[in-house]
Amino acid sequence: MLKTIIVEDEEKASLNLKNILHEYCENVEVVDMQEGVASGIASIKKHKPDLVFLDVKMRGETGFDLLEQIDDINFEIIFTTAHNEYALKAFKFSAIHYLLKPIDIEQLVDAVQRVKEIKNHKFNKVRFDMAIENLKDQKNTFRKIALPTVDGLIFIQIEDIIRCESEDNYTYFILQNETRVLVSKTIKHYEELLVEHNFFRVHQSHLINLNHITKYHKGEGGYATMADGSSVPVSRRKKIAFLNTLSSL
């Protein structure tokens, strides 16, 4: 049973979430609901929850104000937020769970299931500090990304990524130090995150960092030689867009 607290400044929203959890998530027990940062912190200290649903924006406060005042985040958090593209991007770069309002039942059930599968909370503080740092950087210059692996999370500099290669619903990250990291998300997920960081999807199975390309070889689609010596095929469908992007660098 997941002992759960809801921190949300709208009582109606809290009650709605509690009712949905009761009906669709049988392993979740809501032990308390609070409306602000101070009362939320007190509730967390008192109840020692497994899971906290945390509103991003409350009256003059944010959920991150709460997290900055907790030293040991030994519980999981699912943020709830109205659509904010920049905040959502910060969450994705930091591998943080979130739900958009109004709450979608299927997405809620999926988020709770993913939380139940987490066995180790030691990276939580790092994840949330990273998200806070990204949210404060309004220039959209995120420098690090959290990668979920079978052993936990790995935090890497984006500039150290040479390329990504898909394998079914998983993605290999190939880094400058010759490390290969297998991540449990699709290459499409990372294409959406990294395209603004000078990455290009040259092939259905390949996403490359244009800063690490050393040569392009002509051909039907051609192929790119990367800084690690690897050759990455360019699909015919992507060739023109790829060459146009290269010429604009």
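Table for the structure above
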quantity	calculated
Output for the stretch 174-188, where each listed residue is in contact with a Ser or Thr (Cβ under 8 Å, 6 or more places away or on another chain) and free of Cβ contacts under 8 Å to residues at least 40 places away in the same chain	181, 182, 183, 184, 185, 186, 187
The stretch 1-31, residues that are part of a helix (DSSP H, G or I) and β-branched (Val, Ile, Thr)	20
Counted residues, the stretch 44-60 - those being buried (at least 17 other Cβ atoms within 10 Å of the Cβ) and among the charged types (D, E, K, R)	2
Lone unmet requirement of (1) touching a residue at least 60 places away in the same chain (Cβ under 8 Å); (2) over 23 Å from residue 194 (Cα atoms) for residue 61	(1)
Answer from 166, 230, 184, 205 - the residue that is modelled with pLDDT under 95 and not charged (D, E, K, R)	184
Leading residue by the ranking (surrounded by the most Cβ atoms within 10 Å (Cβ to Cβ)) among those in the stretch 131-161 that are at pLDDT 80 or above and farther than 25 Å from residue 212 by Cα	131
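The values are calculated or read from the model by the stated rules, or taken from the named source; none is laboratory data. Quantities reported herein were computed from a predicted structural model and do not represent experimental measurements. Virtual Cβ from ideal backbone geometry, glycine too; neighbours counted across all protein chains shown.
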